[in-house]
Amino acid sequence: MSIEKMTLVNIVGQRRDLDAALLQCAASGIFHPETIPVSPKLGDKFKKLSEDNPYADMLKRVVDILIMSGVKPAYRDYSSLSLDRENMDDFIRDFTGRLNAYPQKIGALSEEIAQQQQALIQLEHVMSLDVDFDAIFACQYLKVRFGRIPTESYEKLSFYKERPFIFQSFDHDADYHWCVYFAPSEEIDMVDNMFSSLFFERIRIPDYAHGTPSEAKAYIKQCLEDENAKKEALEKERDKLIAEHSELILQIYSKLKCISDSLKLKKYVLVMTGEDTVVETFYMTGFIPQCEEAAFKEAFGALDSVDIIYQPPEIDRRFKVPVKLKNNRFFRPYEQFVEMYGVPSYKGIDPTPFLAITYTILFGIMFGDLGQGILISIIGWIMFKWKKMNLGKIMMRIGVSSAVFGCLYGSVFGFEHVLDPVYKALFGLDEKPIEPLQPDMINIILLSAIALGVVLILSSMIFNIILNFKQKEYGKALFGQNGIAGLVFYGSVITAAVLMMMFNINILTPAFILPCVVLPILLIFLCEPLSRAIKKHKLEKPEDGIGSFILESFFECFEVVLSFVSNTVSFLRVGGFVLSHAGMMLVVFTLADMAGPVAYIPVVIIGNLFVMALEGLIAGIQVLRLEFYEMFSRFFDGDGKEYEPVTISYELNEEN
Amino acid sequence: MLNGYSSNAIMTKARAMYGKRLTAADFQELARKRTVGEIASYLKSQTYYAGELRNIEEHMIHRGQLELLLRRSLFDRYSRLCAYQYEKDDGFYKYLIMFQEKRLIMSAIRLLNSGSPQDLILEVHNYLQQHATFDLFALASVKSFDDLLEVLKGTVYYAGLKGLGPDEGSMIDYNACEYALNTAYYSRVLHLIERHAGIPKKAQAQLRGIFLQRVELMNLSIIYRLKRFYHTEAQQIKKQLLPFRYKLNDRQFEELLNARSEQEVLELIGKTTYGKYLVQQDFKQIEAFMANAQYQMTKKLIHFSEYSPVVIAAFMWQLQIEVENIVSIIEGVRYNLSPSEIEAQLVG
């Protein structure tokens, strides 16, 4: 439950082993590279590498093969692959050529099939023509055109009655007339133009269509079957070719991807060059988790010119140590929420356990229902198992919390008295311990929510104090609004309020107010100069002048006091959601009663699902909001640098 | 007359239909097609023209047929909206039909002059015939100017064309007829807007603005063209300008008329309220400038107007521009222009 300890790694070696070293770094999956700034003092001795990737083109061609073949890119173990670079290139070229032949052949067949289908459609519409096609097409002095014409244009044909053509419509629907027209051979161009302007669409009857339309149709149908069979055979052949070579292609892909991605690390490499350099040497720096030191070094065992040098992570101030959160199985899923806010600094604290516990409890309080909680857990489990969603894991946990609090509220899918016998049997209670919508209970719930909020805010402030002391920020720890001064102020005011409201004891005497309220506010007011005084061991005048300082600090203090009030009151929403959840289930059951006995169960089911979806989502977001605004803002900066080791992804993205 | 609630519903419907229009990405895709069939296929499968194009055969469809179907779809959408908006005898909604009628009459005159009036039948379409104020098929049958006048008797176009019959052996004065028809058309539309029952004054002003801006842009186009191609004198140009004003005053028009070159005309336009549309383009064609100005104005009205007649009218302008853009793409593809050249022709 902390931040992973890191080690600064320096990798030094001869240029000849650079590619292999980069491959090891990428393949390890734990190396976080850093860009080494080149100091002007070193002059031209060190150069950054800017070489092209010689594998990029081959990789692209392999990716094209995968896309064309419909094979999903995935990792395959390529250790047994014996092909070198040249052989891989030859194979890719050859396979691409063989694969490319199929689309052309299949495309040509598809076109032929489409034409025949069109001819069939046309023939369907001219079935009433009981004349041999051979006789029609053999006409020497007449030209014939089969096709279709839009209905609107058909109606305009009467305007062309003086033109030399004969027109016959066989069939029509709302939009088109299927037809034929004849014209003398010497006038055919003019008539064709005329019909073209009327949007006549010519359908060519194939040369091999003989006999009457029905005979031609039978023949074309047979041809169509043959063409389809040929097409199917070609497709099977293509699929077989792909299936036989898919493993090899994936191995080649994996190898090329690995090498290609590792070469992207070259931008982090410095090479020492120059006239007095005997052998070119490369330098690279990065971070790895401390626990992986041995394994990492071992991976470079075969590269005798490469040295791995480990140093403490903060020894080089040029590099900000990346942060990897380390949490146990229960808290780990909540890292997603922490990372949404920011990553803690290396010397900071990991708020994940705190968030995990508070988030789970708060959600449970706001969404307490035994049945719905269990269902949320089940849904979360399905989401995790099926879609590998991290949110599913979180739902499994908060669902359990919801179920636990549901037991307290006595609610099971909105049925408020189902657990009464259990309470009676186990605890001897006549009814459930908490009835949210009971008038007496409402105030208790709301006040409890505020009390919980106070506890959480105080805890956050204590975290902040500890953290600042740890980081030697004594000024902030003592005088900050979230430091000891703020803690005393807030704690005192809350104590006074509680004593006054609950026990009618007034402790707001000068003896209390002065040290517990006024003094902390004053210290907060003077936080900045006092902090500087602690650091520099002397009191200094403010840079912008005393007047400006007083004005700014006054408004800041005003904001501090207001924020304490607003942050505290913000926790009322926790109580509010308890009540609204009960209220919404009440509505569901009211509607179910109104729907009658037949529709009762469906309405209850749909109502439950609706409440779970709507209120579950809102409650989840509201708790997160409380975490970020009311708690994190007090102790967590989130200005750390994320640990991003180089990894090789075998999925296709825009870059591929 | 429709009450406020149903008027809002129609506005919402018009805006929803507007939301389904073609996007810049669609136009880019279309400009990259290589044949009319590919364009038809894209429109049929990827856009809201799928309904109108459901029965076409993409690889066989004629270019003209595709354009006809697109224009008809425009009219169908308009009819659907108007069915809710206007009363049966309300004449304003017919402005779109009148626009087509005007265009057909101009085509008839052009074809009479060229000696092939029978070709007008190719431009007459059934969907217009049902709504036209005269028999379009009768118009397609005219053989002379007198026949034309006979067909147009009783319509708003008759009075303007009556005295423009050609002398024996001469051609019909096309420009004079165009002037007369445009004047008749816009006078009629503006009259209908004023007479339209139940439209608030502000809506009337916005509707008038749509048409008057169009006219004013046409006048600017006339001035530019006559200066550029014919170096015509100011007084001659003035006779050709349509008698409507919108945003430009008489002084600005006088300056434009007295400009010494087309460059000066452009500079003067740049100083007017239409100048902002000028600088946005390369200004290769005056029509593009006009279309862009109209596009921007109607786009703004669709978003911000509170009146359904205005939103409908603005929406129809936008649809017309969209169809013209598709037609430009079809022509560009037919003439093997590059995608960038095609895209440069598009408006909006």
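When the square roots of the Cα gyration tensor eigenvalues are ordered a ≥ b ≥ c, the ratio a/c for region A:131-211 is 1.5 or more and a/b does not exceed b/c, which makes its shape oblate.
Within region B:91-195, how many Lys pairs that are eight or more residues apart, or on different chains, come under 17 Å at the alpha-carbon?
Working: B:94/B:102; B:102/B:153; B:102/B:162; B:143/B:153; B:143/B:162; B:153/B:162.
For region B:91-195, qualifying lysine pairs total 6.
The per residue volume of the convex hull around the alpha-carbon atoms of chain B is 153 Å³. Sorting A:32, B:191, B:62 by accessible area puts them as B:191, B:62, A:32; the probe is 1.4 Å, largest comes first, and only protein heavy atoms count.
What the Kirkwood sum gives for region A:356-439 is a hydrodynamic radius of 13.2 Å, with every pair of different alpha carbons counted.
Can you give the helix-only mean residue ellipticity at 222 nm for chain B, where every DSSP H stretch with n ≥ 4 adds -39500 (n - 2.57) and the sum goes over all residues, rounded to the nearest 500 deg cm²/dmol?
One gets -20500 deg cm²/dmol as the mean residue ellipticity at 222 nm.
Ligands, DNA and RNA excluded, the heavy atoms of residue A:25 present near 0 Å² of accessible surface to a 1.4 Å solvent probe.
Helix-derived [θ] at 222 nm for chain A: sum -39500 (n - 2.57) over DSSP H runs of at least 4, divide by residue count, nearest 500?
About -19000 deg cm²/dmol.
Note: relative contact order over region A:302-385, using C-alpha pairs below 8 Å and six or more positions apart, is 21 percent. In region B:99-121, burial by the other protein chains removes 10 Å² or more of accessible area from B:118, B:119, B:121, compared with the chain on its own (1.4 Å probe, ligands and nucleic acids ignored). For region B:91-195, the carbon plus sulfur part of the accessible surface works out to 48%, probe radius 1.4 Å.
Determine the share of chain A's accessible area contributed by carbon and sulfur atoms, expressed in whole percent, with a 1.4 angstrom probe. Display every interim value, and only then the final one.
Numbers: 21040 of 34820 Å².
Answer for chain A is 60 percent, counting heavy atoms of protein chains only.
Computed on protein heavy atoms with a 1.4 Å probe, the accessible areas place A:381, A:178 in the order A:381, A:178, largest first.
For residue B:145, the accessible area of its heavy atoms, probed at 1.4 Å with every protein chain present, is near 10 square angstrom. Residues whose amide H comes within less than 5 Å of that of residue A:13, counting only those at least five positions distant or on another chain, are A:282, A:307 (H built at 1.01 Å from N in the peptide plane). Per-residue SASA remark: residue A:96, around 40 Å² accessible (1.4 Å probe; ligands, DNA and RNA not included). In summary, the aspartates and glutamates within cross-link reach of residue B:227, defined as a Cα separation below 17 angstrom excluding same-chain residues under 8 places away, comprise B:216, B:254, B:255, B:262, B:264, B:267, B:287.
Take the alpha carbon gyration tensor of chain A, find the square roots of its eigenvalues, order them as a ≥ b ≥ c, and report rounded if a/c is under 1.5; if not, report prolate when a/b exceeds b/c, else oblate.
Working: a/c = 2.74, a/b = 1.56, b/c = 1.75.
Because a/c hits 1.5 or more and a/b fails to exceed b/c, chain A counts as oblate.
Can you work out the FRET efficiency for the pair residue A:541 and residue A:420, with r the C-beta to C-beta distance and R0 = 51 Å, to the nearest 0.05? Mind showing how you got there, number by number?
Details: r = 71 Å, r/R0 = 1.38.
Working from the Cβ atoms, E equals 0.10.
Per residue, the accessible area of region B:200-306 comes to 53 Å², computed with a 1.4 Å probe over protein heavy atoms only.
Each eigenvalue of the Cα gyration tensor of region A:1-147, multiplied by 5 and square-rooted, gives one semi-axis; in descending order these are 67, 19, 17 Å. Within region B:287-325, which residues have the backbone N less than 15 Å from the label spot 7 Å out from residue B:334 along Cα→beta-carbon, could you tell me? Residues passing the 15 Å test: B:324-325. For the pair residue A:106 and residue A:273 in one chain, pulling the backbone fully straight at 0.36 nm per residue adds 54.5 nm over the alpha carbon distance.
Note on residue A:215 and residue A:151: the model spin-label points, each 7 Å out from Cα along the C-beta direction, lie 3.5 nm apart.
For the pairing of chain B with chain A, what total accessible surface becomes buried, with a 1.4 angstrom probe, in square angstrom to the nearest 100? Display every interim value, and only then the final one.
Details: alone 17430 and 35750 Å², together 51400 Å².
Accessible area lost upon association: around 1800 Å².
Spin-label model, residue A:599/residue B:233: points 7 Å from Cα along the beta carbon direction are separated by 8.4 nm. Mind checking the log10 I(q)/I(0) for region B:200-306 at q = 0.09, 0.12, 0.16 Å⁻¹? Debye, one equal scatterer per Cα, no solvent, two decimals. For region B:200-306, the Cα-only Debye profile gives -0.23, -0.41, -0.71.
Keeping all protein chains in place, calculate the accessible area per residue for region A:316-423 (probe 1.4 angstrom), answer in Å².
Numbers: 4870 Å² over 108 residues.
Value returned for region A:316-423: 45 Å² of accessible area per residue.
Heavy-atom accessible area, probed at 1.4 angstrom with all protein chains present, ranks A:152, B:58 as B:58, A:152, highest first.
Note on residue A:230: lysines with a C-alpha under 26 Å away, same-chain residues under 8 apart excluded, are A:105, A:217, A:221, A:240. Ordering B:124, B:193, B:106 by Cα displacement along the dipole of region B:91-195 toward the positive end leaves B:193 in first place; charges were set at the Cβ atoms of Lys, Arg (+1) and Asp, Glu (-1).
The values are calculated or read from the model by the stated rules, or taken from the named source; none is laboratory data. Note that the coordinates shown come from a computational prediction; the quantities given were computed from them, not determined experimentally. Cβ sites come from the backbone with ideal geometry, for glycine too, and all protein chains shown count toward neighbours. These area figures cover heavy atoms from the full protein model, side chains too; ligands, DNA and RNA do not enter into them. Shrake-Rupley method; radii C 1.70, N 1.55, O 1.52, S 1.80 Å.
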